1. Report yes if some residue within the stretch 286-297 is at pLDDT 90 or above, assigned to a loop (DSSP other than H, G, I, E, B) and within 30 Å of Ile376 (Cα to Cα); otherwise report no.
2. Of a type outside the set (Asp, Glu), modelled with pLDDT of 90 or more and under 16 Å from Gln368 (Cα atoms): which single residue out of Leu539, Leu551 fits that description?
3. Just to be sure before I move on: is Ala279 among the small types (Gly, Ala, Ser) and surrounded by fewer than 19 Cβ atoms within 10 Å (Cβ to Cβ) in the structure I sent?
4. Return yes or no: is Glu52 out of contact with any Leu (no Cβ under 9 Å at 6 or more places or on another chain) and open to solvent by 20 Å² or more (accessible area, probe 1.4 Å)?
5. Search the stretch 213-225 for residues being modelled with pLDDT of 90 or more and not hydrophobic (A, V, I, L, M, F, W, C), and hand back the single one that is farthest from Ser68 (Cα to Cα).
6. If you take the residues in the stretch 56-97 that are surrounded by fewer than 17 Cβ atoms within 10 Å (Cβ to Cβ) and of a type in the set (Ser, Thr, Tyr), which one is nearest to Ala224 (Cα to Cα)?
7. Output yes when any residue across the stretch 476-494 is closer than 30 Å to Ser69 by Cα, of a type in the set (A, V, I, L, M) and open to solvent by 10 Å² or more (accessible area, probe 1.4 Å), and no when none is.
8. Report whether or not Glu541 is in contact (Cβ under 8 Å) with a residue 60 or more places away in the chain, within 18 Å of Val430 (Cα to Cα) and assigned to a helix (DSSP H, G or I).
Amino acid sequence: MTMERSKSKFIFDFLPESTFNHSESDLSGMITRLHEDRDDSGNAAADELPDEYIIRRVQRHVNRWYNSSQLDFGFETAEVVTPGAANFEVFPRTFKCANCGTVNQFTPTEIRDFPDAETTVPCERCGTGLSDRDQMRMISYCRCGGIQDIYVPEHCGAGMEYRDPTVRFEDAYWRCTNSSCSYTTRFNGGSTCFNPSCDKEDIKTLPHSASGTFYPQTQTLINAHQKLNALQDNQEYQAQIISDYLLRNSGNDSPSEDELLQEAMKLMANDEAANREKALELAKERLTTDATDHRSEVKHFLQAEFDKTKRLRLSEELFEYLSVTSDEYDDSDRIETYTFSSLLEDVDTKSHLSEDELEYYTDLRSNQNLSEIRLIKNFPVTTVTYGYTRGTPIPGGDTEDEMGPRLNAFSSGQWAETQIFARTMDAEAVMISLDKQAVLDWLFSNNIVQSTTVNNLDRWFIEKMTAPNRFDSLPAERTPARHAFTLLHTLSHLFTDSIGALSGYGRDSLVEHILPRAMSFIIYKRPDTNFTLGSIFSLFEERFPEVLNQLEESAFCTYDSVCRRDHNGSCEDCLFLSNITCANSNNNLSRSVYFGGEFDDETIAGFSDQ
């Protein structure tokens, strides 16, 4: 059966081997296949995506799973697909007859046409027609990725009835439907996985819609376009990105008019220029850093300080930062951004905020030790989904299983190519950047660094900061990376909660994207959600003081004594966000880094007190 939904939903909610509740009935189903989205001319929507770049990004993440060697994400064997429609089948295939109570199980063929209003499937015992309301919601799943119907025992040949007196699996039981038989047995959804390549006997039983039954493994890319296919092995391109970032932030790429005039006056006073025109020309030459020389120097710096993988990840991150802050990196000219400072400086930009309001907002921002608040329209987010796990999303294992779950790839058939699903959508967003000098001062106040002075702040943060993988927690060590990243990530969660509380967006409607070397984070509205009560733009334009005041609401936690003592000042009640929203799986968080208190078994000063 084919299903049509909003095309963005196929990246998030309707993926192969995931289950869902049908929106037009009480029926549940499982997605079996996604079909490629094509335009009226037959061109694939994915043709505009940088497939090599996407596959390389995926390859780095796939290697974290124990079964990565069994998966094939090669350039010749994997394809990037933008989905546009889906096939599904009825699942679970277990139905409880409303008339006699017997639990019936069917094969896919027997129940294939069940959604047809003219089709009835009779109860195997009494013949009563079964409806979608009779479908049971429970399934059994295994960490290998297998999913199956619950086990229904047999006795007397009359059928079995499922009894659940307390709505708890522990109290549920089976009862023989033979009126002359009193046999009962404890409910057990199954103990053996039917996957022939799996030898596990610890499968779990849950409602099919429970989060533990399906975890999509995703990545988020910003401004993904064809040029990025060359980034992997092109050290010149990598050096150009880092150089452009350093020059832009230092202001050396384009001296101001005042700087030019001041230097020109010096040149004329020293008789180094005959007239004003020559003086300005020579001043610009002297004050403008030679881009070629700077890129060459940056290239040597990168080779000396970082290995190949770290250079690549650094250039990817700063490319995304420049995509938002520099027009030169917005090839399609689609991203529109402004800051409170830019509105003050550019009188041609329309804003309903008065000059006094903009100055007030700018002062508020500075008092919070934030260097920039940047509002973004048409923020191009590419969501990439490359597989799924069951039981847990964590690749490295947990207390239940040292190996962790098996990563399962998508494909359209047993011998078909591996499929990576990707779609680019525009979102509204805000990028918030911390004042790097204030961060350095805060690190110094907590004895993490020995000085508040460094030669080049931007380069220092490039060297000292790290970007942990989605499921990684940085070691509890007294390092700039541990403290500064935890501060950045914590502030991202505080602002996400503040935006959610004031705008009306649900927590799962907002997503964070962390850019640690730039000490910045981006919060954007999920493009596949249509809920539009309030917006990020209007919130920051009209209620920016309230956004900042709302941050203080997280200073205290309902479980504060336990939260601070046992959980480093972060828990489900105060800082944790959903896996959809959080980019680091709720690792590297603590209210103490912002408000002050115990962090990593030491008392530290909070960043808000700087």
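1. Let us first name the residues in the stretch 286-297 that are at pLDDT 90 or above, namely 295-297.
Still in the list and also assigned to a loop (DSSP other than H, G, I, E, B): none.
Taking every residue of the stretch 286-297 in turn, none turns out to be at pLDDT 90 or above, assigned to a loop (DSSP other than H, G, I, E, B) and within 30 Å of Ile376 (Cα to Cα).
2. Unique residue meeting the criteria: Leu551.
3. No; evaluated as a whole, the condition is false for this residue.
4. Working: out of contact with any Leu (no Cβ under 9 Å at 6 or more places or on another chain): no; open to solvent by 20 Å² or more (accessible area, probe 1.4 Å): yes.
When the stated conditions are applied, Glu52 does not pass them.
5. Per the stated criteria, the residue is Asn223.
6. Thr77
7. no
8. yes
The values are calculated or read from the model by the stated rules, or taken from the named source; none is laboratory data. All figures in this text were calculated on a predicted structure; none of them were measured in a lab. Quick reminder, even Gly has a Cβ in these numbers, built from the backbone with ideal geometry, and neighbours come from all protein chains shown. What goes into the accessible areas is simple: the full protein's heavy atoms, side chains included, and nothing from ligands, DNA or RNA. Shrake-Rupley method; radii C 1.70, N 1.55, O 1.52, S 1.80 Å.
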